[in-house]
Amino acid sequence: MSQTPDLLVKDLHVAVEGKEILKGLNLEIRKGEIHALMGPNGSGKSTFANTLMGHPRYEVTSGDILFHGESVLEMEPDERSRAGLFMAFQYPVAIPGVTLANFLRATMNARLAPPETDGSGKVPTKKGIPPKEFRALLRDKMQLLRMDESFAGRYLNDGFSGGEKKRAEILQMAILKPQIAIMDETDSGLDIDALRIVADGVNALAGPDLGVLVITHYQRILNYIKPQFVHVMMDGRVQLSGGADLALQLESKGYDWVRETKEVGAR
Ligand code: ADP
Ligand code: MG
């Protein structure tokens, strides 16, 4: 593969509260590809996702994350989002009183808005996407994702089930049209319906303009999403990468097999 990866993670080391969690993570993702990052609980999957989006608690001690050849490490989370990175939140917040539709329009306008004022001291007056245009876009995306239109009128995550939260994230992803999307799954409490919603959404949105990284410890999500690349993360780095067949091997042999395989070929 000669094409430069859109997202390139190079020997990434990350510490949380002084403790090293990621210990030399390497990963390459291109638009048009679906990757799965798997690994047992505590292996550092969420640490990687949070680092990617610029969570302030995660300190990059060495290595780099390049997006289109440029380091994102000095970029704020909103700049990363504007550049085309998207991360679905593992634990989305509820905002009673704000409908999902209004929230989505606001996020979209925040994306379109200029990052600074014109210097006059006035609040920028850029209006963003016209309401009618936004409604058409929203309707279009909801049809694509086979979501009921009434869903957009509900208050954001207020009383949403696990599956509905996932549905809201997928819709946000459809509206924001990122180039690289990272879906970090909760390690517990995600029922099969929610897994299927994520899978259906990813499959509906996948295409040449989108690269996806699905992070999960469940092999079973791969019954619904067919990744071209599977990476197994253990002890803070990718220990093994392969094609979709690697997920099947994991399913039958478990993570211990990866550990043993590594030990056989140990340096
Ligand atoms: P995974 O998502 O693969 O289950 P995590 O990235 O959540 O793994 O966790 C990896 C390790 O980092 C664990 O030992 C966890 O306790 C630690 N860790 C992650 N985030 C934090 C945090 N915010 N504060 C303290 N420790 C953390
Ligand atoms: Mg996690």
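Every number here is computed from the coordinates shown, using simple stated rules; none is lab data. Values in this document were obtained by computation on a predicted structure and should not be read as measured data. Cβ placement follows ideal geometry from the backbone for every residue including glycine, while neighbour counts extend to all protein chains displayed.
Brief remarks on what is shown
- About the Cα centre, charge dipole magnitude for the chain (Lys/Arg +1, Asp/Glu -1 at Cβ), debye: 660 debye
- Residues whose amide H falls under 5 Å from that of MET234, counting only those 5 or more places apart or on a different chain, are GLN239, with hydrogens built in the peptide plane.
- Net dipole in debye of the range 198-267 [+1 Lys, Arg Cβ; -1 Asp, Glu Cβ; about Cα centre; nearest 20]: 140 debye
- With semi-axes defined as the square roots of five times the eigenvalues of the C-alpha gyration tensor, the equivalent ellipsoid of the range 154-220 measures 19, 16, 9 Å, largest first.
- Residue-averaged 222 nm ellipticity for the chain, from DSSP H runs of 4+ at -39500 (n - 2.57), nearest 500: -11000 deg cm²/dmol
- Computed P(r) (all Cα pairs; the chain; 5 Å bins; percent): 1, 5, 12, 16, 18, 17, 13, 9, 5, 2, 1, 1, 0, 0
- Neighbourhood net charge (11 Å Cβ-Cβ; Lys/Arg +1, Asp/Glu -1) for GLY84: +2
- Listed residues MET38, LEU250, LEU100: farthest to the positive end of the dipole of the range 7-264 (Cβ charges): LEU100
- Taking every C-alpha pair closer than 8 Å and separated by at least 6 residues, the mean separation divided by the residue count of the range 156-265 gives a relative contact order of 21 percent.
- Computed from backbone phi, the HN-Hα couplings of the range 148-161 come to 6, 4, 5, 4, 5, x, 7, 5, 3, 6, 6, x, 5, 6 Hz, rounded to whole numbers (Karplus: 6.51 cos²θ - 1.76 cosθ + 1.60, θ = phi - 60°; Gly and Pro given as x).
- For the range 140-267, alpha-carbon Rg relative to the globular expectation (2.2 N^0.38 Å, N residues): 1.20
- Sequence-distant residues sharing a close amide H with LYS31 (under 5 Å, placed H): ASP6
- With contacts taken as Cα pairs under 8 Å and at least 6 residues apart, the range 7-264 reaches a relative contact order of 30 percent.
- For GLY63, distant residues with modelled amide H under 5 Å away: HIS13
- Separation of the LEU144 and ASP64 label points, Cα + 7 Å toward Cβ, nm: 3.3 nm
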